[in-house]
Amino acid sequence: MAEVIYYKYDPSCRTDADVVAIIAQIDAILASLRTTAMTAVATGQFLEYEYDTGMTKTNIVYRSTDQIIASMEGFEKLRQYYVNKRQPNVVRLVDSKNLKTRF
């Protein structure tokens with residue numbers, strides 16, 4: 001009889017190109033937020049802008065630079081999440097005889 005190999009497919013997985021496209025979109029949002037933060041610091045007023053994804057339009061209002069910075073930190077964390085998705089998980093097994101312990 002022939003050997004049967006079973007593979008488990010994760011339907012929620014994304015290709016590398018999809019992840020790169022998502023990272024590029026996040027970079028564009030971060031660039032816009034940086035510009036917004038610099039404008040807010042220069043003028044000292046609250047800022048309002050509209051974000052159009054093609055499907056929905058979102059109106060965003062920042063009343064202080066702290067809100068802009070918190071938003072940027074959130075997008076940086078999201079970006080790092082997707083960067084980590086691109087990198088393979090590596091586990092290195094080392095025999096205990098090869099570990100040097102100093103006491």
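The values are calculated or read from the model by the stated rules, or taken from the named source; none is laboratory data. Keep in mind it's a predicted model, so treat the numbers as computed, not measured. Virtual Cβ from ideal backbone geometry, glycine too; neighbours counted across all protein chains shown.
Some values worked out for this structure:
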{"quantity": "Members of region 66-96 that are loosely packed, with under 10 Cβ neighbours inside 10 Å, in a helix (DSSP H, G or I) and either in contact with a Lys or Arg (Cβ under 8 Å, 6 or more places away or on another chain) or β-branched (Val, Ile, Thr) (or both)", "calculated": "none"}
{"quantity": "Residues satisfying the stated conditions in region 15-55, i.e. in a loop (DSSP other than H, G, I, E, B) and at pLDDT 75 or above", "calculated": "15"}
